Each structure stands twice: as C-alpha cells, then as structure tokens.
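J.: One structure is given below, represented as structure tokens, and several questions about it will come after.
Please treat every number below as a calculation from the coordinates, not as lab data. Owing to the predicted nature of the structure, the values given are computational and were not obtained by experimental measurement. Here the Cβ positions follow ideal geometry from the backbone for every residue, glycine too, while neighbour counts run over all protein chains shown.
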Amino acid sequence: MLLVDLAVLVRPGTGAVQGDRAAGLAPGTVERHAYRHSSYEAMLLGLTPEHRWAAGVRQRLAAQVGAVPAAVAVRAWREDRGSRRERMVELLHRAREAGVRCAVLANGAASVRRDLAFHGIGVEVAYCSAELGVTVPSSLAFRAVAEHMGLPPGRVHYAAAGPVAVAGAREAGMKAALTSGPAQLAVFLAELGVQAQARTSTAA
C-alpha cells in the first residue's frame with residue numbers, strides 16, 4: 001500500500017499572499033488571521049468545521065480592514081487550490097496502473113477530496129486530519145490511517161514531503177521516505193516493485 005502526503009502531489013498555494021494583494025492589505029494579514037489563530041488548529045483536528053473557520057477569518061478581517069476588503073481577500077485566498085506537480089502525479093498514476101493501492105494523507109478537512117478531483121488525481125481513498133482527529137506528523141495519525149486501511153503499519157509505504165513526517169510514520173511502524181522530487185519517488189516506488197519513470201519532461 002502506498003500512502004502519499006498531499007504536498008508531494010500538489011504544491012501548496014499562495015492564497016494568503018494573493019488575498020493580501022487583491023485587497024491591498026499589508027503582507028501577512030490574511031495569514032495571521034487564518035493560520036496563526038487558534039481556530040486553525042481546531043479546524044485541523046475537526047473541532048471546528050472548515051466553513052466556520054473560513055467565516056471566522058472573514059469576520060476578523062472585516063473587523064480590522066472593513067467588510068469589502070475582507071470579502072475580496074478571502075475570495076482570493078480560498079480560490080487558490082495550489083498547483084499540480086505533474087511528474088509526481090504521473091508516477092502515482094503509474095503505480096496505480098501497476099496494481100499498487102494508493103491513498104493520500106493531508107492535514108486539513110474533507111475538502112482535500114475536492115482538491116484531488118480538481119487536480120485530476122486518482123487514488124483509492126483520501127484521509128484528512130479533521131476526520132482522523134489528529135494531525136501529521138504525529139505517529140497517531142499514521143496508526144489511525146493503517147487501522148482504517150485494515151493493514152499493519154509495516155505494510156504501508158509513506159511518501160513524505162518533509163523529514164518530520166518521515167519520523168512520525170516510521171515511529172508508527174511504516175516504511176517512509178522523503179520524496180521531494182520525481183527521482184526520489186521513483187526509487188521509493190521501485191521498493192514496491194513499480195519500475196516507473198515519468199513519461200513527460202514537465203517540471204515536478
């Protein structure tokens with residue numbers, strides 16, 4: 001079984017920056033209200049619905065800069081879905097063609113599934129921290145995923161976007177590797193018996 005960090009497949013967007021620019025706000029304004037507020041952690045853990053978290057960001061912005069700039073900023077922020085990493089997605093799909101079960105794990109809410117559909121990324125199942133009740137890189141998140149898969153952690157290979165996540169997955173008993181580029185992901189897939197090279201020269 002191959003479990004992949006969403007960030008391996010999709011570059012995180014710059015929506016907060018775009019929101020600041022669209023509304024003429026000082027750099028870091030949207031980020032501060034969205035990601036440096038306690039409600040963000042609550043959303044990641046499933047304690048606050050994603051739409052309520054976003055509404056709270058808009059309300060806090062409106063209190064600071066006014067309703068219209070807040071609406072403009074939030075629209076630009078929320079419309080940014082990141083960008084698909086073509087060669088990484090290609091390798092993932094090659095693994096699926098070879099018969100490997102593939103899943104995605106992400107910190108966030110169930111909207112991760114809409115993001116996967118938006119980017120045309122096909123996997124068997126997607127897991128998010130809001131449904132698991134624990135965030136990556138905690139080993140508890142990886143154990144919860146393995147349990148949902150009905151597999152012992154040792155039978156799950158995790159392709160990670162960062163070294164801390166690698167450590168968490170290994171602590172849970174998974175085989176994990178940092179796969180920040182196509183070459184690294186191809187090597188990792190080879191351990192699953194998938195001899196795959198990206199068929200396109202598009203940048204990762």
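J.: Rg (Å, one decimal) plus Dmax (Å, integer) for the alpha carbons of the range 1-146?
T.: Radius of gyration, then largest Cα-Cα span, for the range 1-146: 16.6, 53 Å.
J.: Then there's this: What translational D, rounded to a whole number of µm²/s, comes out for the range 70-135 from Stokes-Einstein when the hydrodynamic radius is the Kirkwood one over Cα pairs, at 20 °C and 1.002 mPa s?
T.: Calculated translational D: 161 µm²/s.
J.: Also, I was wondering about something else. Are there GluC sites (Glu not before Pro) in the range 125-199 that DSSP marks as loop and that have at most 13 other Cβ atoms within 10 Å, and which are they? Spell out each step's value before the answer.
T.: Numbers: sites: 131, 147, 171, 191; in loops: 191.
In loop regions of the range 125-199 (DSSP not H, G, I, E or B), the sparsely surrounded GluC sites (Glu not before Pro) are 191.
J.: Compute the FRET efficiency between residue 50 and residue 151 as 1/(1 + (r/R0)^6), taking r as their Cβ-Cβ distance and R0 = 22 Å, and round to the nearest 0.05.
T.: Here the calculated transfer efficiency is 0.20.
J.: Tell me the label-point distance for the pair residue 78, residue 118, using the 7 Å Cα-to-Cβ offset, in nm and rounded to one decimal.
T.: Going from the residue 78 label point to the residue 118 one covers 1.1 nm.
J.: Using helices alone, what [θ] at 222 nm do you get for the chain, with -39,500 (n - 2.57) per DSSP H run of 4 or more residues, divided over all residues and rounded to the nearest 500?
T.: -15000 deg cm²/dmol
J.: Given the options 66, 56, 15, state which has the largest fluctuation in a GNM of the chain using a 10 Å cut-off (strictly under) for Cα springs.
T.: Top of the fluctuation ranking is 66.
J.: What does the net charge come to around residue 37 if you take all other residues with beta carbon closer than 13 Å to its beta carbon, with K and R at +1 and D and E at -1?
T.: Computed value for this residue: +3.
J.: Related question: Under the 0.36 nm per residue contour assumption, what length would be gained going from the current alpha-carbon distance of residue 17 and residue 35 to full extension?
T.: Residue separation times 0.36 nm, minus the Cα-Cα distance, leaves 5.2 nm.
J.: For the range 1-59, which trypsin sites (Lys or Arg not before Pro) are both in a DSSP coil and crowded by at most 10 other Cβ atoms within 10 Å? Let's see the in-between values first.
T.: Values: sites: 21, 32, 36, 52, 58; in loops: 36.
Listed in order of number, the matching sites are 36.
J.: Next up: Tell me which of 88, 194, 156 sits at the most positive position along the dipole axis of the chain, charges placed on C-beta atoms (Lys, Arg +1; Asp, Glu -1).
T.: 88
J.: What is the sum of charges around residue 153, taking Lys and Arg as +1, Asp and Glu as -1, for the other residues whose C-beta is under 15 Å from the C-beta of residue 153? The partial results should precede the final answer.
T.: Numbers: positive: 101, 143, 155, 170, 175; negative: 147, 171.
Spelling it out: positives minus negatives among the neighbours equals +3.
J.: As I understand it, the dipole of the chain uses +1 on the Cβ of Lys and Arg and -1 on the Cβ of Asp and Glu, about the Cα centre. Which of 2, 61, 144 lies farthest toward its positive end?
T.: Towards the positive end, the residue furthest out is 61.
J.: Determine the percent antiparallel among the DSSP beta bridges restricted to the chain, to the nearest 5.
T.: 10
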